[in-house]
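Quick notes on the structure that follows.
Each reported figure results from applying straightforward, stated rules to the coordinates on display, with no laboratory input. In this text, all values refer to a predicted model and were calculated from it rather than measured experimentally. Because the Cβ atoms are built from the backbone with ideal geometry, glycine has one as well, and the counts that use them run over all protein chains shown.
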Amino acid sequence: MPEEQAKTVDELMSIRDVEPIDLPDGDVGEGLQFKTNRGDFAAILHRAPDADQAVIWVCGARGGFGGPGPGTYARMAEKFTGEGITSLRLDYRNANDVFECALDLLAGVAYLKSAGHKPVVVVGHSFGGAVVIAAGANSAHIKGVVALSPQTYGAGMAGKIAPRKLLVVHGKADTRLAFSCGQQIYDMANEPKELVLYEGAEHRLEECRDDLEDLLGQWIPETLAAEIVLA
């Protein structure tokens, strides 16, 4: 692993092809299969015509496309499409492996960059919160990181997110990952950063779904529009 981590992202992970696939039942968007030198993973693209702004959404330790809410990712992706922001909802090759899942996310970033998109915002829930932090600290094409109900394991690079913006959201009634996890990540990070704690909200943030979606609907476009100088 140390030898692998010494390599560049491009050396570790390269996209060989992206093919259309069928969507899961009841889902909307364009199904995609990413074929890489490390294996294949699926994604759902919500394409906004002529857009150069984009968001990537990743889920928890089991992967998939569900996310918090439930359904928040799909709803926000469709909402943003109408606002000129493309979304990519991304699954993992090897769920529950922060290093490999961060590479999947960075492959998604590279795909959007190659399609002409400016630096993106990445959003992750639970285990995915650590994934977006790890990826965000290692990509100049990520300008904002959102960690929802995040775990601390794998999130040790939170201090390297800056000057990218960081938003940490946690429910104070979370019985799976205590809200102290979100507080700890926030404390490790440097400005610009924001911590939002919802009273009575559990791990999936169902109890605060409307407030959460209002928050994301404001924070993400503002971050995409902001001028952030990245190394």
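By DSSP, what percent of the beta bridges with both residues in the chain are antiparallel, rounded to the nearest 5?
Just about 40 percent of them are antiparallel.
Along each principal axis of its Cα atoms, how long is the stretch 94-147 end to end? Whole angstroms, biggest number first, please.
Computed over the Cα atoms, the extents are 30, 20, 15 Å.
Can you give me the Rg/Rh ratio for the stretch 1-114, using Cα atoms for both radii and the Kirkwood formula for Rh?
0.97
What pairs from Lys79/Lys193; Lys35/Lys193; Lys79/Lys143; Lys35/Lys172 go past 31 Å between their alpha carbons?
Pairs exceeding the cut-off: Lys35/Lys193; Lys35/Lys172.
What residues have an amide H closer than 5 Å to that of Tyr92, excluding those fewer than 5 places away on the same chain, when H is modeled at 1.01 Å from N in the peptide plane?
Gly64
What dipole magnitude, in Debye to the nearest 20, does the chain give about its Cα centre under +1 on Lys/Arg Cβ and -1 on Asp/Glu Cβ?
In total the dipole reaches around 460 debye.
If the chain between Asp10 and Glu83 were fully stretched, how many nm would it gain, using 0.36 nm times the residue separation less the Cα-Cα distance?
Full extension of this stretch gives 23.1 nm more.
Quick check on packing: order 91-98, 172-179 by the mean number of other C-beta atoms within 10 Å, highest mean leading.
Descending mean neighbour count gives 91-98, 172-179.
Determine the relative contact order of the stretch 45-225: mean sequence separation of Cα pairs under 8 Å and six or more apart, normalised by residue count, in whole percent.
20 percent
Would you mind calculating the relative contact order of the stretch 128-225 from Cα pairs under 8 angstrom and at least 6 residues apart, reporting the percent as a whole number?
Value for the stretch 128-225: 26 percent.
Hey, what's the Cα Rg ratio for the stretch 113-231 versus the globular rule of thumb, 2.2 N^0.38 Å?
1.00
Where does each of Leu167, Leu23, Leu103 land when they are ranked from fewest to most other beta-carbon atoms within 10 angstrom?
Fewest-to-most Cβ neighbours within 10 Å comes out as Leu23, Leu167, Leu103.
Amide H of Thr36 versus every other amide H placed in the peptide plane: which residues, excluding those fewer than 5 positions away on the same chain, fall under 5 Å?
Counting only residues 5 or more places away or on other chains, the set is Arg16, Phe41.
Sort the following peptides by mean Cβ neighbour count (other Cβ atoms within 10 Å, averaged over residues), highest first: 47-59, 130-142.
Output ranking for 47-59, 130-142: 130-142, 47-59.
Counting C-alpha atoms alone, how compact is the chain: give Rg to one decimal and Dmax as a whole number, in angstrom.
16.0, 45
What percentages, rounded to whole numbers, describe P(r) for the stretch 134-174 computed over all alpha carbon pairs with 5 Å bin width beginning at zero?
6, 22, 34, 21, 11, 5, 1
If you take the beta carbon distance between His141 and Val28 as r and set R0 to 30 Å, what does 1/(1 + (r/R0)^6) give as a FRET efficiency, to the nearest 0.05?
My answer for the efficiency is 0.70.
Among Ser114, Ala130, Leu177, which residue has its Cα furthest toward the positive end of the charge dipole of the stretch 45-225, with +1 on Lys/Arg Cβ and -1 on Asp/Glu Cβ?
The listed residue farthest towards the positive side: Ser114.
Quick check: the distance between the Cα centres of the stretch 135-173 and the stretch 21-85, to the nearest angstrom?
That distance is 19 Å.
How many Å³ per residue does the convex hull of the Cα positions in the stretch 25-72 occupy?
In the stretch 25-72, the Cα convex hull volume per residue is 121 Å³.
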